[in-house]
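Colleague: Please find one structure pasted underneath; my questions will follow.
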Amino acid sequence: MIFYSYYYYVPVKCWFILIISILFCAVPTYAQFEDPYNFSFKTYTTDNGLIHNFTRKCLSDSKGFLWIITQNGLNRFDGYTFRNYQHITEDSLSLPNNDIVDMAIDSKDRVWLAYSTGVCYYDPKTKGFYKIQDNTKDLRIINLCYDSAGEAVWMITPKGLLRLDAKNLQITVADLGRSIPSTPSYIMIDSKRRLWITYFRFGYFVYDTKTNKSEYVDKVFWPMAVNEDSESNIWVSSWEEGLYAVDKNKILPHANYKLPKDSLSGYGYIFRGAIEAPKLTGHNILWVVAGAGGIVLFDKKLKKIVKWIRYDPEQKTGLATNDNDYIYESPDGTVWICTQFGLTKVNKGEQLFISRELLDLKINIYNLLIGLADDSYQKGIT
């Protein structure tokens with residue numbers, strides 16, 4: 001007997017090999033569906049309209065647009081198409097610099113952008129970019145964040161902390177109380193309006209914007225990012241030292257959760273941020289960017305890793321890379337991951353199918369979907 005495909009005939013022997021291969025692949029596939037932390041990811045690249053694949057940070061405005069800063073310009077994404085913004089020499093209202101290092105969005109949906117030689121904002125009303133001018137201040141902005149209660153943009157430079165009044169655009173210097181220990185790496189404002197400012201190798205400052213007083217913490221080696229969870233607790237991501245937990249009313253860490261070191265290099269992983277994703281995994285799970293180690297899911301109650309998500313070349317709907325730089329949850333519950341190979345997203349509405357290719361199949365048969373059938377042994381699986 002001979003079976004015929006759409007393109008050529010396939011002997012029974014080849015179909016037998018295909019069926020046996022599928023049966024062997026079926027066991028791990030079922031295991032994936034039994035795993036509550038198995039997710040389908042989608043990555044956008046320049047092929048989809050992204051201006052550059054090296055994405056650094058993304059944030060949503062009040063209208064639902066996602067803004068993405070890249071190594072070569074700014075993107076706005078409406079869920080379907082990307083709009084690109086770059087510097088145009090002949091246009092004074094174009095983006096001043098394509099190499100953007102940080103971003104914040106204020107209550108008027110103005111997009112504040114830090115670049116190597118200054119800071120600017122995008123006004124959605126005029127659709128233009130405006131540089132902030134102040135010849136008396138060092139405006140080599142490394143990081144910035146927006147204080148909605150104080151209507152101010154807080155900016156960290158190699159020399160210290162600056163406050164930019166979002167209403168009159170005036171800049172004042174904030175006193176941290178001591179000299180800067182090294183190059184700053186991150187700034188975040190928490191629900192108590194405290195600024196957390198991290199420095200390479202040398203701990204972090206906690207600056208109270210209500211009292212203008214700061215405290216310095218040197219108990220954390222090389223902090224990389226600071227995030228606040230739904231219980232107002234603080235999580236400090238670090239270079240090779242894992243996660244540090246800080247109680248909501250404290251500034252000193254009370255616990256340090258480390259990861260096993262990389263088996264090949266012998267070095268630890270560089271954590272770059274941790275968020276909750278309630279619509280995907282509830283409030284107990286932290287999604288942690290592990291630098292070149294993929295994504296780690298950490299259970300706050302169990303105090304352990306429950307899932308390590310890595311790039312898998314056989315999984316078409318998996319992570320695009322292990323090199324991830326930033327993670328963000330938009331108001332609709334979608335998790336966005338900025339990587340060196342594009343912008344990756346994962347949301348609850350796109351977890352219906354997981355696609356795999358049979359790379360080990362050594363016969364000349366296409367990976368074609370030829371039928372669907374309900375599985376009586378796996379509830380909810382087709």
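Each reported figure results from applying straightforward, stated rules to the coordinates on display, with no laboratory input. The shown structure was predicted, so the numbers you read here are calculated from the model rather than taken from an experiment.
Colleague: Enumerate the calculated ³J(HN,Hα) couplings along the stretch 172-181 in order (Karplus 6.51 cos²θ - 1.76 cosθ + 1.60, θ = phi - 60°), each rounded to whole Hz, writing x wherever the residue is Gly or Pro.
Modeller: 10, 8, 9, 8, 7, x, 7, 6, 6, x
Colleague: What is the Rg over Rh value, at two decimals, for the stretch 64-125, using alpha-carbon atoms and the Kirkwood definition of Rh? Provide the component values of the computation, followed by the final result.
Modeller: Numbers: Rg = 11.2 Å, Rh = 12.0 Å.
That ratio equals 0.94.
Colleague: A further question on this structure: Using the Cα atoms as the points, what is the convex hull volume per residue of the stretch 157-199 in Å³?
Modeller: Values: hull volume 3.6 nm³, N = 43.
Spread over its residues, the Cα hull of the stretch 157-199 gives 85 Å³ apiece.
Colleague: How big is the stretch 239-298 along each principal axis, measuring the range of its Cα positions in Å and listing the largest first?
Modeller: That works out to 37, 30, 14 Å along the principal axes.
Colleague: Hey, what do the phi angles of the stretch 310-317 turn into as Karplus ³J(HN,Hα) couplings, whole Hz, using 6.51/-1.76/1.60 and θ = phi - 60°, x for Gly and Pro?
Modeller: Working through the residues one at a time gives 10, 5, 10, x, 7, 9, 5, 9 Hz.
Colleague: Sticking with this structure for a sec: Whole-Hz ³J(HN,Hα) for each residue in the stretch 225-241, computed from phi via Karplus 6.51 cos²θ - 1.76 cosθ + 1.60 with θ = phi - 60°, x for glycine and proline: what do you get?
Modeller: So the J values, rounded to whole Hz, are 7, 9, 9, 10, 8, 5, 9, 6, 7, 9, 10, 9, 8, 9, 7, 6, 10.
Colleague: Relative contact order (percent) for the stretch 111-188, with alpha-carbon contacts under 8 angstrom and 6 or more residues of separation?
Modeller: On the way: 139 pairs, mean separation 16.7, N = 78.
Relative CO of the stretch 111-188 lands at 21 percent.
Colleague: Same structure, new question: Can you list residues whose amide H is under 5 Å from Ala152's amide H, if they're 5+ apart or on another chain and H is modeled 1.01 Å from N?
Modeller: Placed amide hydrogens put Asp147, Ala166 under 5 Å from Ala152.
Colleague: Give the separation of the Cα centroids, the stretch 275-309 to the stretch 107-160, in Å.
Modeller: Comparing the Cα centres of the stretch 275-309 and the stretch 107-160, I get a distance of 31 Å.
Colleague: Right, here's the next one. In the stretch 149-296, how does Rg compare with the Kirkwood Rh, expressed as the Rg/Rh ratio over alpha carbon atoms?
Modeller: Values: Rg = 16.0 Å, Rh = 16.1 Å.
Rounded to two decimals, Rg over Rh is 0.99.
Colleague: Another question, if that's okay. Can you classify the stretch 176-217 as rounded, prolate or oblate using the Cα gyration tensor, where a ≥ b ≥ c are the square roots of its eigenvalues, rounded means a/c under 1.5, and otherwise it's prolate if a/b beats b/c and oblate if not? Display every interim value, and only then the final one.
Modeller: Values: a/c = 2.67, a/b = 1.49, b/c = 1.80.
Since a/c reaches 1.5 but b/c is at least a/b, the shape of the stretch 176-217 is classed as oblate.
Colleague: Which of the pairs Lys304/Lys345; Lys219/Lys345; Lys125/Lys316; Lys127/Lys248; Lys57/Lys300; Lys261/Lys345 have their Cα atoms more than 29 Å apart in this structure?
Modeller: Details: Lys304/Lys345 24 Å; Lys219/Lys345 34 Å; Lys125/Lys316 40 Å; Lys127/Lys248 39 Å; Lys57/Lys300 25 Å; Lys261/Lys345 27 Å.
Pairs exceeding the cut-off: Lys219/Lys345; Lys125/Lys316; Lys127/Lys248.
Colleague: I'd like the projected area of the stretch 83-195, averaged over all directions, using the convex hull of its alpha carbons. Report it in nm² with one decimal. Don't skip to the answer; put the middle values down first.
Modeller: Details: hull surface 31.0 nm².
For the stretch 83-195, the mean projected area of the Cα convex hull comes to 7.8 nm².
Colleague: If you find the alpha carbon centre of the stretch 176-232 and of the stretch 46-106, how far apart are they in angstrom?
Modeller: So the two Cα centres are separated by 27 Å.
Colleague: Just the number, please: Stokes-Einstein D of the stretch 228-268 in µm²/s, Kirkwood Rh from C-alpha pairs, 37 °C, 0.692 mPa s. Numbers along the way, then the final one.
Modeller: Numbers: Rh = 11.2 Å.
Once the numbers are plugged in, D ends up at 294 µm²/s.
Colleague: While we're looking at this one, here's another question. Two-decimal Rg/Rh of the stretch 213-330 from alpha-carbon positions, Kirkwood Rh? Intermediate values should be presented prior to the final figure.
Modeller: On the way: Rg = 14.4 Å, Rh = 14.8 Å.
Ratio of gyration radius to Kirkwood radius for the stretch 213-330: 0.97.
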